[in-house]
C-alpha cells in the first residue's frame, strides 16, 4: 500500500494527476436535471472501445485477399481460441454501436442540443455518424462472403446514378468494373486505418467541444430558461449541479453495462439476428443470392432508392436530407429549446423517426 | 486550396491505374443468354433449370449438352465444340451417368436398366430433366411405379430406405443449423453428401435384399457424423452457459448502477430541500 502511494505521489508530483481527476470528475458539475439520454455518449465510446479492441484481435488473423479472406474468417470462427467470440462481438457490436449512436443523435435533436453555441458539437457528432456508417460499409465486405460481396456490389452500384462522375467514381471505389481484390484492398485500408483515423480526430473534436462549452442543460422543468444571446465565449457552468463522479458516473455505468449485456446476449444466444445465412457462404461472383438486403441501418436508404423510379432522385433526396441535418444548427436559429413550445419541430421530429422506422420495415419486407 | 487540389489529383492518379488493371469481365453463358429470350421448347429449359439442384450447384447447360458457352455465335452449338444436343431415350442414362457414375453402374445392372429400350424407365422418367430437384423417397410412389408394374416391391424398397433416409435428413438439418451460426461444417457436409449419394445409389439396384444388407453399414457411418455434430452441440451449450453468466453479470452491474444513481438522486433532492430551508431561514 505504501509503495502504491509512493508511486502515485511520484506521478502526481510531475503530472498533477490528482488535481486533474478532481477537476474533471468530482468538481466537474452537471445540470441538476440531467437525464439518462446524456449517458448515451459514454455508452457509444465504451462500445467503440470494444470495436477497437476486437478489431485489433481480428487483424492478427484476417487476410485481406479474395482467395484467403473467407477462409481466414472461418479459421477465426472455428480454429482460433475464442475467435468466434471476438468476431461476433465485433460484428454484432457494430450494429449495437449504430443503434446507440442513432439514439444519442435523436436525443440531442429532440432536446435541441445542437443550437447555438453548440453548432460544432453537432457538426462533429453528425460527421462521426457518417464515418461510422462508412466503417460499417467497408467492414461488411471484409469477410468476403456471399453477403459481403453482393451487398457491396448493390451498395456501390448506386454510385452509377450520380450524373457525369458516377462511373469514374464507381471505378475508383471498386478499383475496377466489378467488386474484386482491389475493392477488398481499398475497403480494408479504409476500414482499419483511413476511417478510424478520421473517426479519432472527429471524436476528439466532438469531446473538446462538449468539454469546452459545457454540457447543455436539458430543456425541461420549471427552472429552465432559454439561452440568452451572448457575443463572447462562455463556458456553461452549473454551480448548483451534481458531480460527474460519482453521481452521474453511476448512471453511465448502468447504461454502458446494459448495452454490453445486450451485445453479449445477442452474441451468445441469437447471433443470426445480424448475420444471415449468406454471411457463412464464400463469395461467388457468378451466383447471385435470392435475397440480398443491406444491414438494418441502410434499409431506409435502400427503400428510398427503390421507391423513386429514378435512382438519381433517390440519391438526391438522401443528399438533401443529410445536408439539411448536417447544417441544421445554422438553419434552425431560434433560441427556444423546450419541445413543449416547439410543436412544429416535434411534429417533424416524430414524422422523421416514423418515416425512418417505416422505410426500414418496408425495406426489410420488400 | 491549391495544395488540396493537387493532393486529390495525386490520389486519383494513384487509384486509377489500379482501376484499369483490375477490370474483370464476368464470363457469361451464351446458352442462357440466347435461349432465355426464346419461346416454347427452346426457351422453357432455361426457366425450368432456374432453381433446380443443378443450377444450385453450378451445373449449367454445357455441362450436359456440351458446346462452348463462351461463344455467342451458332458455332457454340457445333459438334466441333463438343455439342451433344438432345439425347434419345436410350442415350439418357449415359448422358446423366457421365457425372452420376455410380448410379449408372447400379442402374445398368438393375431390372430397370436391363429393360432400357424395351419400355424400361430411364433417369428423367422419375427425376425429370431440367427442373431436377434433390432426390427424395417421395419419388418412389404408387402413382409413378404402377405406370409400369405393381407397387409391392417398390414399396418394400421404400420402407427399407426410409429409416436411414430420415437419419440423413435429420443430420442435414442439424448441420445446416450449425452452419447458420458460423460453425465450419464443410467436412460434415461432405461426409453426408457422400453417404447420401452412395445410399441413394443403392435404390437403383432395385434389390430389396441388397438395401437391407447394406443399411447397417450406412447407419454406422452416419453415427460417426452424428457424434461429430453432438460434440459441436455440447460445446455450444457450454458457450451458452458462459454467455448467460456474462450477460447476467452485466445486467446486474446495470441494475446496481441504476440503484446507486437513485440513491444519489435522493441525496441530491434532500440536499436541495435542506439548502432551500436554510435560505428561507
Exercise. Taking neighbour counts of Cβ atoms within 10 Å as a proxy for exposure, in what order, fewest first, do A:34, A:344 appear?
Worked result: A:344, A:34
Exercise. For residue B:197 and residue A:348, what is the calculated FRET efficiency with R₀ set at 56 Å and r taken between the beta-carbons, to the nearest 0.05?
Worked result: 0.35
For this session: Just grab the label-to-label distance for residue A:324 and residue B:242, each label 7 Å out from Cα along the Cβ direction, in nm (one decimal).
Result: 4.9
For this session: Can you tell me the 0 to 90 degree angle between the C-alpha axis of helix A:296-307 and the longest principal axis of chain A, rounded to 10?
Result: 60
For this session: Considering the convex hull of the alpha carbon atoms of chain A, report its projected area averaged over all viewing directions, in nm², one decimal.
Result: 22.7
Problem set entry | Radius of gyration and Dmax over the Cα atoms of the protein assembly as shown, both given in Å | 32.7, 116
Seminar exercise, completed: The helix A:146-157 Cα axis meets the longest alpha-carbon principal axis of chain A at an angle in degrees, between 0 and 90 and rounded to 10, of 80
Exercise. By how many nm would the segment from residue B:141 to residue B:275 lengthen if fully extended, with 0.36 nm per residue of separation less the alpha-carbon distance?
Worked result: 39.3 nm
Exercise. Which Rg and Dmax, in Å, describe the Cα atoms of the range A:122-195?
Worked result: 12.7, 37
Problem set entry | Cα centroid of the range B:39-61 to Cα centroid of the range A:221-249, whole Å | 70
Exercise. Hey, rough spin-label estimate for residue B:256 and residue A:13, points 7 angstrom out along Cα→Cβ, what's it come to in nanometres?
Worked result: 3.6
Problem set entry | Spin-label pair residue B:124/residue A:316, simplified geometry with 7 Å Cα→Cβ offset, distance in nm | 5.3
Problem set entry | Candidates B:211, B:103, B:255: whichever shows maximal mean-square fluctuation once chain B is modelled as a Gaussian network with Cα springs under 10 Å | B:255
Seminar exercise, completed: For chain A the mean separation of alpha carbon contacts under 8 Å (6+ apart) over residue count, i.e. relative contact order in percent, is 28
Problem set entry | Per residue convex hull volume, Cα atoms of the range B:164-225, in Å³ | 65
For this session: Quick one: order A:362, A:122 by neighbouring beta-carbon count within 10 Å, fewest to most.
Result: A:362, A:122
Exercise. Where does chain B land at 222 nm, in deg cm²/dmol rounded to the nearest 500, when only DSSP H runs of n ≥ 4 count, each adding -39500 (n - 2.57), divided by all residues?
Worked result: -22000 deg cm²/dmol
For this session: Measure nothing fancy, just the Cα-based angle from helix A:195-213's long axis to the longest principal axis of chain A, in degrees from 0 to 90, nearest 10.
Result: 20
Seminar exercise, completed: extent check for the range B:146-281: Cα max minus min per principal axis, descending, whole Å, gives 109, 31, 18
Problem set entry | Calculated SAXS-style log₁₀ I(q)/I(0) at q = 0.17 Å⁻¹ - the range A:1-157, Debye, Cα scatterers | -1.04
Exercise. What value, in deg cm²/dmol to 500, does the helix sum -39500 (n - 2.57) over DSSP H runs of n ≥ 4 give at 222 nm once divided by the residues of chain A?
Worked result: -20500 deg cm²/dmol
Seminar exercise, completed: Expressed in µm² per second, the diffusion coefficient of the range A:64-160 from the Stokes-Einstein equation, with Rh the Kirkwood radius over alpha carbon pairs, at 4 °C and 1.567 mPa s, is 82
Exercise. Which values of log₁₀ I(q)/I(0), to two decimal places, follow from the Debye formula for the range A:179-242 at q = 0.16, 0.18, 0.24 Å⁻¹ with a uniform point scatterer at every Cα?
Worked result: -0.71, -0.80, -1.08
Problem set entry | Relative contact order, percent, the range A:108-213 [alpha-carbon distance under 8 Å, six or more residues apart] | 38
Seminar exercise, completed: When A:281, A:138 are arranged by how many other beta-carbons sit within 10 Å of their Cβ, fewest first, they go A:281, A:138
Seminar exercise, completed: In a Gaussian network model of chain B with springs linking alpha carbons closer than 10 Å, the residue among B:165, B:68, B:217 that fluctuates most is B:217
For this session: Project the alpha carbons of chain B onto their principal axes and report the range along each, largest first, in whole Å.
Result: 116, 66, 32
Exercise. So between residue A:67 and residue A:273, what do we pick up on full extension, going 0.36 nm a residue minus the alpha carbon distance?
Worked result: 71.4 nm
For this session: Springs between alpha-carbon atoms under 10 Å, Gaussian network over chain A: tell me which of A:338, A:118, A:18 tops the mean-square fluctuations.
Result: A:18
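Only the coordinates and a few stated rules stand behind these numbers; no lab work does. What you are looking at is a predicted structure, and each value in this text was computed from that prediction instead of being measured. Counting neighbours? That spans all protein chains shown, and the Cβs are built from the backbone with ideal geometry, glycine included.
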